[in-house]
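The values are calculated or read from the model by the stated rules, or taken from the named source; none is laboratory data. Given the structure is predicted, the values throughout are model-derived calculations rather than measurements. Cβ placement follows ideal geometry from the backbone for every residue including glycine, while neighbour counts extend to all protein chains displayed.
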Amino acid sequence: FGMALAMAGETGKPVVSFLQALIAPVFKLVGILMKAAPIGAFGAMAFTIGRYGIGSVVNLAMLVATFYFTAFLFVFGVLGAVCRYNGFSICSLIRYIKEELLLVLATSSSEAALPSLMQKMEKAGARRSVVGLVIPAGYSFNLDGTKCAYERDGDFRSAKFDHRIRSLPIGEGESGDRYFMRRTMKET
């Protein structure tokens, strides 16, 4: 659709203007929702610890600590070297996008920071067309990784479900139904 609008030239300009005007309130709404998201995350953690005890989150804490240690090494090692090569400091970049990083940390969702990150990159001097291509493309790659993780988790849940339905007594002619249920669970 975007390519067709670009090819339409002057005829497509009113549609482009409308879509750009529509983006501003949508980004504001997402910003409001994402600022409130840490409260929900806090509530979920409080419920889990209150119901199941602190031991329920010990393994999770170890996993999170390992992830942040690895991310720290990558950001300050690899990205720091890339930034230094291109003439700026990784620390100044982190200070500039501090709010977005804290939002991602609080919500565990990189999508939460998309609107304000795009605005900051434009303010920093990046052209709107570059920001509009590069940042959403990066998010798409990030979502592909998330999808792979969910798919792997779905395979595990599907295997557990498959084990449960295999242990049920099934009459003749019901094997097709069982297969359909298993595939439905796997795909959803």
Going through 123, 28, 35, 98 one at a time, which residue ends up being basic (Lys, Arg) and surrounded by 12 or more Cβ atoms within 10 Å (Cβ to Cβ)? 35
Counting only residues that are over 19 Å from the mean Cα position of the chain (by Cα) and farther than 19 Å from residue 95 by Cβ, how many does the stretch 67-77 have? 2
Which one of these does residue 99 not meet: (1) of a type outside the set (Phe, Trp, Tyr); (2) under 21 Å from residue 137 (Cβ atoms); (3) under 20 Å from the mean Cα position of the chain (by Cα)? (2)
Every residue in the stretch 113-159 that is charged (D, E, K, R) and modelled with pLDDT of 65 or more, please. 120, 122, 123, 127, 128
